[in-house]
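Contents: one structure, followed by commentary.
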Ligand SMILES: [Mg+2]
């Protein structure tokens, strides 16, 4: 039978007395079992447990109902702690933990290095906004230090604005994401290719073979900053490639370097069931080979026209421009059967802007200023696997999964 405590004639149930036990000291096997054995004699109910270990120093917090003879229990717990060589505090109080406030975010702070002054400034902005840090945990130590804060009390959009400003002053990266179930539902990653998945711009490498690298590089830079029309500028740059042998595309593919961490990110997230798509203003002759090498599910790019083994300087069909990239993202999302809000898009150029805003999480990766300002979040360290820390996957988990698969991941220097 249930009781309606709000019904007339019923007083709200009185909050039970509780004990908060905080144990600190050097971690060793059996600490948790010893403490709970001491508690079990009093027949108390466990309401909450939190434990962290930092450099072998353990902090264990246990919230239990207070028995009538709570002092006897306190003495038993203190004896157990003394036997373990640890310190303990027993605080008597009332009720459960205070409920977390509405307006909950995951705030990820990434530094290389992460300085205490940066943490002080970021935590200061969180406090200024009237928000509270409920929990902090480390996502990675190497090659970047990534810390995730669980914050409540302020709407994520409002918090993001002030933290992004502070992050740029402190030379750290920050991502502020609403703490809802959507992050767990993210299942499709749509990536730009040039200067995102691979280092450099393929069109510049091709242009160097016809002696006009400087000219093409200058126009590419303008296009990526959004200063010139992408389609017009791409057609003009491709026209300069007229007469180039198609084998040059194979040579350029062989020379390409992936962004650091690209393979680790793709390998790990594919294990977790993520699907990958690349959407590029570059060329299918190169992107299709990258897609095959990395095991991408989808790829969309421009097709260079070839006649008698040489480039004609023209593109076949429509140019994949800024709008075309966003349209491809929507098409791939529909094929996978996920809403656009469950898509993560990663890019660096102005032609990625529509794609980044169409996604649930748009990440500006070492991007042009115009892209950093518009995207949901910006990553400015040169490691693509950093993206995983924004998804709540720790480096420790990545290393463990790799070890299971017989892959050795680089270890930190300290
Ligand atoms: Mg790019």
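No lab work stands behind these numbers, since they all come straight from the coordinates. Since the structure is predicted, the reported quantities are computational estimates derived from the model, not experimental observations. Cβ: placed from backbone, ideal geometry, glycine included. Neighbour counts: every protein chain shown.
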For this session: Take every DSSP beta bridge with both residues inside the chain and express the antiparallel ones as a percent of the total, to the nearest 5.
Result: 70
Seminar exercise, completed: The alpha-carbon center of segment 138-174 and that of segment 292-360 are separated, in whole Å, by 30
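Could you rank the peptides 175-181, 347-353 by their average count of other C-beta atoms within 10 Å per residue, with the highest value first? The partial results should precede the final answer.
Details: 175-181: 18.3, 347-353: 26.4.
My ranking of the peptides, most packed first, is 347-353, 175-181.
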Problem set entry | Candidates 174, 279, 238: whichever shows maximal mean-square fluctuation once the chain is modelled as a Gaussian network with Cα springs under 10 Å | 238
Seminar exercise, completed: Taking Cα pairs closer than 8 Å and at least 6 residues apart, the relative contact order of the chain in percent is 14
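Nearest 500 deg cm²/dmol is fine: what mean residue ellipticity at 222 nm does the chain get from its DSSP H runs of n ≥ 4 alone, each adding -39,500 (n - 2.57), divided by its residue count?
Calculated from helices alone, the mean residue ellipticity at 222 nm is -11000 deg cm²/dmol.
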Exercise. Cα-based Rg (one decimal) and Dmax (whole number) for the chain, in Å?
Worked result: 27.3, 93
Exercise. If you build a Gaussian network model of the chain, linking Cα atoms that sit under 10 Å apart, which residue out of 228, 31, 399 swings the most?
Worked result: 31
